[in-house]
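Structure record follows, encoded as structure tokens.
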Amino acid sequence: MIPLVAKAFPAPLKPITLALVGNPNVGKTTLFNSLSGLRQHTANYPGVTVEIKKASVLHKGVPIDLLDLPGAYSLAARSPDELIPTQILLGLHCVECRPDVVVAVVDATNLERNLYLVHQVLEVDLPLIICLTMVDMAEAAGATIRCDLLAERMGCPVVWVHPVKGVGIDILLDTILGYQKTPKPKPMDWPLALVKETEQVKTLCKKETPDFMIRRALFDTDGEAAKDLILEKPLLASALAKARKGLADSGFLLPQAESIQRYEDIRKRLVGVQELPKAGVSWTDRLDAWLTHPVSGTLFFLLAMFLVFESVFLLATPIMNWLSAIHEMLGDWVLTTLPEGPFTDLLAHGIIQGVGGVLVFLPQICILFTLLAILEDTGYMARAAFLVDHLMARCGLSGKSFIPLLSSLACAVPGILSTRVIEDRRDRLATILVAPLMSCSARLPVYTLVVAACFAPELGHSPWLGGVMLFAMYMLGLILAPLVALVLKRTLLHGPAPLFVLELPRYQIPNWKSVLHKVMDAGWSFVGRAGSTILAAMVLIWALLYFPTNDLKGGSYPKRVNLLKQEGKGEEALHWQAIWREQSYLGIAGKAMEPVFRPLGWDWRLSVAAIASFPAREVVVGTLAQLYAQEEEEDNIVKALQATDSPLTPAAGLSLMVFFALCCQCVSTLVVIGRETNSWFWPLFTFTYMTILAYAGAWVAFQLGTWIWG
Amino acid sequence: MTPSNFCSLDQLRPGEIAWVTHVDGTDDLSQRLGDLGLQRGVEIELLGRAPWGDPLRLRVGNWRLGLRRQEAARIHLQKTSIH
């Protein structure tokens, strides 16, 4: 019986683990996508911000686990993030197991520079397959490449693929299946001095430490490999320094010696492999002469950015309105059909509102990422970063931070997600931390409400004042974000300036599959991973505004409000609802906090509204409506703000606007910061510094307003 | 007087071609430049400059890159071929 069962269910084959390595812009991600389809997921590791994409595929019945290592020009590592590929390839990583085979993706139009990374990978002692991309472009430019000769010189199989068209993928997969039969890669012979010094250092290391790791520790002065080894054996610090000195004495001058020797070896191996055409003026050069020109390039850049920004506003707004209409309808339907009680209220005001609050960001994320993916895939994104780099360098950032900050004018969530293109960790963090300072579209309702209530021409103000106020609020973020970035880069994120190397890839027509991938990736990382946390926060705020439900005499507020509504006494119902909110936990907290907000010129209603709007700024309008016992319509709230016994003064209005311009009252942003930085420290930090900034700014604004308007 | 045969990369004029003689520095910045193949003998052409004259748009061998003036100043060139 037993053999029969075994026949019917053959033991599952052990999957082949494969790691993809390659330079940036060589089509590595496109290859990964065409190998894996949509079945991929991302892996996060503690303490680092890099994400590694993983996928499992089946080829001819054999399972293959794919690991997409971050694109890099070299395995030299100056940060824990950069050491991860080396650790994985050597089997020293804490989570990932060692791959069985490595596929190196190589741009055929630029063999020499691409083979540098491959040259390092030859030494990790794993079967290697070289996968050439852009062979068609190399041939179109007049180059010829002899794959058989390259394979012989490097000691590994060479296959060529066209990942977009799917050409060669099957051959690549077949080669992967036969990895055990591939010849052994041929690493270069290092000078005797280096071999000796490596041996010397090795005697002090743990026995299983690979030679490659020791060489990395020697090559990268102050690099991460050395730090890693010294952490285990403190004695190594002096041994490494001594070894480096010994190398220098024998003419092996670090840090350049590694690259000089490797490139020399690569050039030797490439003799006869490629026939290079004479470098002529390509049409990318011709286009660049216009698109990176100080005048025409800048004009085109401004036009492109304006179009991106406008389309996000114009296309997303109707969809967002439509989405909020649906979730309001759904909420109303729940309230009218289900029996009243805390559960119904939770469903209508907590969960449906919360889900709506998550989904409302999706149109912006999808539209922005479609446009950004197109800009990136055409190659224009690198030019945009090139054009604004000098401007951004003044605040300690690089040109790559510009687009994420610009996107944050629409919404900080996609803005923060788009910082992934910034390779330098500190630059990326600084950009993430200041992105929420840009005035996003959710602040607009607050601004327009205050402008209508305090600075309207009917109140005797100049008709220009409203516009000036709005402009000032936007300028506040635009000026403060670079300043804060500068302060951060000088203090908390202090460190050596990263090398700004911006590869300007060839212009090409974007591939819709790759665009779709990027959009889905961004959408999913928001909804799938941040969504649940946002929802939980929304439900918590709901509970704080809902409970306690009973007044001092034991009467129930929800019952009373419902009864009044059924009797058609709408105004009275709203009045009681306001009292109910006032004595809720959040209301009590707001009242207790009133003295804190008094220097800003706020009464308790504004204090409660500001605190209640913690999950999302735009909630402040709705909360004010509830507190002033009005229907949620701007005109009514404006009237209420003007007519109550203590109307909102222009000074208090200004301070409210400034507070909302600078605070980080947005759970979604904070959760996304947490996800992207892989830590809870940074969202807390962002919330704290922005709240302090907002409070100080609002105080100044109130003093200024009192001085101007009395 | 004939212009000097030697200059650093940030002094190159648009359209000029030159060859790298050496790269200054022993920090990781010079290592990174070396990893990218910016080392002795490599042919470089200045294709253009961004607004405010920085960064520079270069052709190195047969690829294109943007590099800031500050870093370009470390790369020393000679205008007649090394080969």
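Every number here is computed from the coordinates shown, using simple stated rules; none is lab data. Being a predicted model, the structure only gives us computed values, none of them experimental. Please note: Cβ atoms are built from the backbone with ideal geometry, for glycine as well, and neighbour counts cover all protein chains shown.
Any idea how far apart A:Leu307 and A:Phe681 come out in nm if each label point goes 7 Å out from Cα toward Cβ?
Distance between the two pseudo-spin positions: 4.3 nm.
Using a simple spin-label model with points 7 Å from Cα along the Cα→Cβ vector, what separation in nm is obtained for B:Ser4 and B:Trp52?
Rounded to a tenth, the inter-label distance reads 2.7 nm.
Run the dipole for chain A about the Cα centre, Lys and Arg Cβ at +1, Asp and Glu Cβ at -1, nothing else charged, and hand back the magnitude in debye, nearest 20.
Values: 59 positive and 63 negative charges, 329 e Å.
That gives a dipole near 1580 debye.
Of the DSSP beta bridges with both residues in the protein assembly as shown, give the percent that are antiparallel, rounding to the nearest 5. Kindly include the intermediate steps, with their values, before the conclusion.
Details: 40 of 59 bridges.
In the protein assembly as shown, DSSP labels about 70 percent of beta bridges as antiparallel.
By average Cβ neighbour count within 10 Å, what is the ranking of A:647-659, B:11-23 from highest down?
Details: A:647-659: 24.2, B:11-23: 15.5.
So the peptides A:647-659, B:11-23, ranked by packing, come out A:647-659, B:11-23.
Given a Förster distance of 35 Å, report the FRET efficiency between B:Thr80 and A:Lys206 from their Cβ-Cβ distance, rounded to the nearest 0.05. Walk me through the numbers on the way to the answer.
Values: r = 52 Å, r/R0 = 1.48.
In this case the efficiency is close to 0.10.
Near A:Lys165, which lysines are there with a Cα under 27 Å away, not counting those fewer than 8 places off in the same chain?
Within the straight-line limit of under 27 Å, A:Lys165 reaches these lysines: A:Lys28, A:Lys53, A:Lys54, A:Lys60, A:Lys513, A:Lys518.
Using only the Cα atoms, work out Rg/Rh for the stretch A:373-441, with Rh taken as the Kirkwood radius, to two decimals.
Values: Rg = 11.2 Å, Rh = 11.8 Å.
Here the Rg-to-Rh quotient is 0.94.
Please state the charge dipole magnitude for the stretch B:6-78, taken about the Cα centre, from unit charges on C-beta atoms (+1 on K and R, -1 on D and E), reported in debye and rounded to the nearest 20.
Details: 10 positive and 10 negative charges, 50 e Å.
Here the size comes out at about 240 debye.
Picking from A:Pro127, A:Ala151, A:Pro24, whose Cα lies most toward the positive end of the charge dipole for the stretch A:10-181 (charges on Cβ: Lys, Arg +1; Asp, Glu -1)?
After comparing all options, I get A:Pro127.
Calculate, for A:Leu299 and A:Leu478, the FRET efficiency according to 1/(1 + (r/R0)^6) with r their C-beta to C-beta distance and R0 30 Å; round to the nearest 0.05. Could the numbers behind the result be given before it?
Details: r = 20 Å, r/R0 = 0.68.
Once the sixth-power term is evaluated, E becomes 0.90.
Calculate for chain A the 222 nm mean residue ellipticity that helices alone would give, adding -39,500 (n - 2.57) per DSSP H run of length 4 or more and normalising by residue count, nearest 500 deg cm²/dmol.
Numbers: 34 runs with 418 residues, N = 710.
That calculation yields -18500 deg cm²/dmol at 222 nm.
Could you list A:Arg598, B:Arg74 so that the one with the fewest beta carbons within 10 Å of its beta carbon is first and the one with the most is last? Walk me through the intermediate numbers first.
On the way: A:Arg598 13, B:Arg74 18.
Arranged by neighbour count, lowest to highest, A:Arg598, B:Arg74 become A:Arg598, B:Arg74.
Using 0.36 nm per residue of separation minus the Cα-Cα distance, give me the extension gain between A:Thr344 and A:Ala456 in nm, one decimal. Could you put the intermediate results ahead of the total?
On the way: separation 112, 0.36 × 112 = 40.32 nm, distance 3.97 nm.
Difference between extended and current length: 36.3 nm.
Residues of B:65-71, mean number of Cβ from any other protein chain within 10 Å of their own Cβ, rounded to a whole number? Don't skip to the answer; put the middle values down first.
On the way: counts 8, 13, 5, 10, 1, 3, 4.
Mean shielding count: 6.
What is the helix-to-structure angle for A:444-454, meaning the angle in degrees between its Cα long axis and the longest Cα principal axis of chain A, kept from 0 to 90 and rounded to the nearest 10?
Approximately 30 degrees, to the nearest ten.
Within 10 Å of each residue's Cβ, count the other Cβ atoms and sort B:Arg40, A:Arg286, A:Arg216 from fewest upward. Intermediate values should be presented prior to the final figure.
On the way: B:Arg40 15, A:Arg286 11, A:Arg216 25.
If I rank by nearby Cβ atoms, fewest first, I get A:Arg286, B:Arg40, A:Arg216.
What ranking, highest mean first, results for peptides A:589-596, A:682-689 when packing means the other Cβ atoms within 10 Å averaged over each residue?
Going from most to least packed, we get A:682-689, A:589-596.
Under the definition of partner shielding as Cβ atoms of other protein chains within 10 Å of a residue Cβ, what is the mean value for peptide A:489-499? Write down the numbers at each step before the final one.
Details: counts 0, 0, 0, 0, 0, 0, 0, 3, 4, 3, 12.
Partner Cβ neighbours, averaged per residue: 2.
Could you tell me how many degrees, from 0 to 90 and to the nearest 10, lie between the Cα long axis of helix A:465-490 and the main elongation axis, the longest principal axis, of the Cα atoms of chain A?
40
Each residue of the stretch A:330-340 in order: what ³J(HN,Hα) in whole Hz does its phi give by Karplus 6.51 cos²θ - 1.76 cosθ + 1.60, θ = phi - 60°, with x for Gly and Pro?
4, x, 4, 4, 4, 5, 7, 8, 7, x, 5
Averaging sequence separations of C-alpha pairs under 8 Å and six or more residues apart, then dividing by the length of chain A, give the relative contact order as a whole percent. Each step should come with its number before you reach the end.
Details: 1015 pairs, mean separation 69.6, N = 710.
The normalised contact order for chain A reaches 10 percent.
Summarise the partner chain shielding of A:32-39 as one whole number: the mean count of Cβ atoms from other chains within 10 Å of each residue's Cβ. Write down the numbers at each step before the final one.
Numbers: counts 0, 0, 0, 0, 0, 0, 0, 0.
For peptide A:32-39, the averaged partner shielding equals 0.
For chain A, count all C-alpha to C-alpha pairs, find those more than 50 Å apart, and express that count as a whole percent of the total.
So the pairs more than 50 Å apart make up 27 percent of the total in chain A.
Can you grab the distance from the C-alpha centre of the stretch A:517-580 to the C-alpha centre of the stretch A:51-93, Å, no decimals?
The distance from the Cα centre of the stretch A:517-580 to that of the stretch A:51-93 comes to 45 Å.
Residue by residue, what Karplus-based ³J(HN,Hα) values in Hz, rounded to whole numbers, does the stretch A:607-613 have, using 6.51, -1.76 and 1.60 with θ = phi - 60° and x for Gly and Pro?
4, 4, 4, 5, 6, 5, 8
How many angstrom lie between the Cα centre of the stretch A:666-710 and the Cα centre of the stretch B:15-40?
44
Which percentage, to the nearest 5, of the DSSP beta bridges contained in the stretch A:10-181 is antiparallel? Intermediate values should be presented prior to the final figure.
Working: 13 of 32 bridges.
Antiparallel bridges: around 40 percent, rounded to the nearest 5.
Which order, highest average first, do A:196-206, A:158-168 follow once you tally other Cβ atoms within 10 Å for each residue and take the mean per peptide?
Working: A:196-206: 15.7, A:158-168: 18.5.
The densest-packed peptide leads the list: A:158-168, A:196-206.
What order do you get for A:Thr133, A:Thr209 when you list them from fewest to most C-beta neighbours inside 10 Å? Working shown, then result.
Numbers: A:Thr133 25, A:Thr209 20.
Exposure proxy ranking, most exposed first: A:Thr209, A:Thr133.
For B:Arg64, what residues show an amide H to amide H distance below 5 Å, using hydrogens built from the backbone and excluding near sequence neighbours?
Placed amide hydrogens put A:Leu504 under 5 Å from B:Arg64.
Tell me, in nm to one decimal, what length is gained between A:Val195 and A:Val487 on full extension, where the rule is 0.36 nm per residue of separation less the Cα-Cα distance? Kindly include the intermediate steps, with their values, before the conclusion.
On the way: separation 292, 0.36 × 292 = 105.12 nm, distance 4.55 nm.
Between A:Val195 and A:Val487, full extension yields 100.6 nm more.
Taking the simple approach of a point 7 Å from Cα along Cα-to-Cβ for both A:Gln566 and A:Thr688, what is their distance in nm?
Result: 5.1 nm between the two label points.
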